[in-house]
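Colleague: Provided herewith is a single structure, encoded as structure tokens, for subsequent inquiry.
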Amino acid sequence: MVKKKRVESIIVVDDSPDTLEVLHRSIEHMGFSVNSCESAEEAINLLKENRVDLVITDYHMPFVGGLDLIKHVREFYPNTEVMMITGYASVEGAVEAIKAGAEEYLAKPFTDDELEQAIERSLEKLSIRADKKNDPADDISGKYGLIEESDGMQKVSGLIKKAAGSELPLLLTGEPGSGKEFAARIIHYESSRSNYPFVVINCRSIPESILENELFGYVKSTQDEDRARDEKGSCQGRAAQPGLLELAGKGTVYLNEISYTSLAVQVKLLDVLAKNELTCVGDNTTRSIGCRIIASSSKDLIAMAGKGLFREDLFFQLNVINIAIPPLRERKKDIMPLCTEQLTRESRALGHNNPTAISDEAARLLLLYDWPGNTGELIDLMSALAAKVEGKRVEVSDLPRCMRFLRDVENELNKSLHEIEVEHVREVLQSCDGNKTRAAQILGIDRKTLRDKLDRQEK
């Protein structure tokens, strides 16, 4: 079933007719208005005559390639987002696309879900830029959907505004799923760097050797060149592949979970922060960089520094500005607004005519729950509930077992000791099919005591 028609307009560009047809059909099925082009020239002509929200282009095409098309869109159509797709996935291709101005990069083959998620992220970035341009008011909560009913998040909101107006390094701390990357994105888009890339590097999931190459760049070498390097101690004269810190230009580089970097990488990051320059892996020459670094950690970096697992001097370089995102269990006032907003958004995305609501009893349990996964867990749950209840009201029975259990525990705490004893005796007797001798053994009392208890219950 095709999703409800959306207002966004998309151009998809690929020189392969078969690929173009598949992409066109998939994107149209998602509910978007889509035009197909077999060349960059055709896409440029369409852009002249139509309002376009997103251009999705292949990397390798004859005559005018995907990178050239991205540069053209960035120069002449600031209200159009761009996304790169390619069947030749590589670090070099990704960083070239980022440098040209693409904030999304998809390697073939990809699933329809991955394509749709990339499109949604691109359109969200476009919306954020438009909101910032059209709404000069200093209200980040309205622009970005930042919920700040609680005192803790009101403090965070104020710090985000100050950080956006600064060029200093920044450290975001908080539990996993608390919204550190979301805060970093707001800071970037509210800053003077908003027209440049926001580059996310997940330090936790990238092996050390690859992470070092991606961050600082590297020099390609053959075995003969490696031998020469060992003899001379230098790689000068060979072309270096720039890293993301350099290719981000004047944008923002977000180092997610920096605690997972090695001490060797930390030393090089310290030089970057202190001198605004770096040295490529395998090279002796330095390169200037102009990006801002925002780092995050869900671990205690000071405690790690005390154990020799994180450089203390790097911590102090990053911690010039610190924003601690409170866990959701300490933001009780934010829970229901977050649930309602996310549930409404997901319901509309699924094409439901009526936004999904939450019953009072279900809302009470959502507030009782501790949310160990924080806002990430909440968003996932609301997405699942929107699909499950299909525009109807969320009841207690729709909630996960861990939340329904809270009501049972609460009910037990409101009962007297006598009431709990009566229920327990009845349940044990029922489990023994009325065998009082066996029930007495389980309860740890004699048969006469059990009979007396049963007589009192009947009275």
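Colleague: What pairs can you find where one residue is in the stretch 251-272 and within 25 Å of Ala164 (Cβ to Cβ) and acidic (Asp, Glu), the other is modelled with pLDDT under 95 and surrounded by fewer than 20 Cβ atoms within 10 Å (Cβ to Cβ), and their Cβ atoms are less than 6 Å apart, with a gap of 6+ or different chains?
Modeller: Close Cβ pairs satisfying both conditions: Glu257/Arg204.
Colleague: Here's a follow-up. At least 1 residues that are assigned by TED's automatic domain parsing to the domain that holds Glu167, in contact with a His (Cβ under 6 Å, 6 or more places away or on another chain) and modelled with pLDDT of 85 or more in each: list the strands (runs of 3 or more DSSP E) lying fully within the stretch 190-293 that qualify.
Modeller: Of the strands (runs of 3 or more DSSP E) lying wholly inside the stretch 190-293, those with at least 1 residues that are assigned by TED's automatic domain parsing to the domain that holds Glu167, in contact with a His (Cβ under 6 Å, 6 or more places away or on another chain) and modelled with pLDDT of 85 or more span 198-202, 252-256.
Colleague: Looking at this structure, is Leu406 hydrophobic (A, V, I, L, M, F, W, C), buried (at least 16 other Cβ atoms within 10 Å of the Cβ), modelled with pLDDT of 75 or more and part of a helix (DSSP H, G or I)? If you could, list the steps in order and put the result at the bottom.
Modeller: Numbers: hydrophobic (A, V, I, L, M, F, W, C): yes; buried (at least 16 other Cβ atoms within 10 Å of the Cβ): yes; modelled with pLDDT of 75 or more: no; part of a helix (DSSP H, G or I): yes.
Spelling it out, it is not the case that Leu406 is hydrophobic (A, V, I, L, M, F, W, C), buried (at least 16 other Cβ atoms within 10 Å of the Cβ), modelled with pLDDT of 75 or more and part of a helix (DSSP H, G or I).
Results for (1) over 13 Å from Ile119 (Cα atoms); (2) exposed (fewer than 15 other Cβ atoms within 10 Å of the Cβ); (3) among the basic types (Lys, Arg), shown as yes or no for each residue.
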residue	(1), (2), (3)
Ser33	no, no, no
Ser39	yes, no, no
Asn50	yes, yes, no
Asp53	no, no, no
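Colleague: Which one is nearest to Asp68 (Cα to Cα) among residues in the stretch 8-35 that are within 25 Å of the chain's Cα centre (by Cα) and of a type in the set (S, T, N, Q)?
Modeller: Ranking the candidates gives Ser9 first.
Colleague: Ok, one more. Quick one: Gly31 ticks every box in (1) in a loop (DSSP other than H, G, I, E, B); (2) farther than 20 Å from Ala349 by Cα bar one, so which box is it?
Modeller: Among (1) in a loop (DSSP other than H, G, I, E, B); (2) farther than 20 Å from Ala349 by Cα, the lone unmet condition for Gly31 is (2).
Colleague: Still on this model: Count, please, the residues in the stretch 3-27 that happen to be buried (at least 17 other Cβ atoms within 10 Å of the Cβ) and charged (D, E, K, R).
Modeller: Residues meeting the conditions: 3.
Colleague: What helices (runs of 4 or more DSSP H) lie completely within the stretch 65-141 and have 3 or more residues being modelled with pLDDT of 60 or more?
Modeller: 66-76, 112-134
The values are calculated or read from the model by the stated rules, or taken from the named source; none is laboratory data. Keep in mind that what you see is a predicted model, and the values were worked out from it rather than measured. Heads up, the Cβs are rebuilt from the backbone with ideal geometry, glycines too, and the neighbour counts pull from every protein chain shown.
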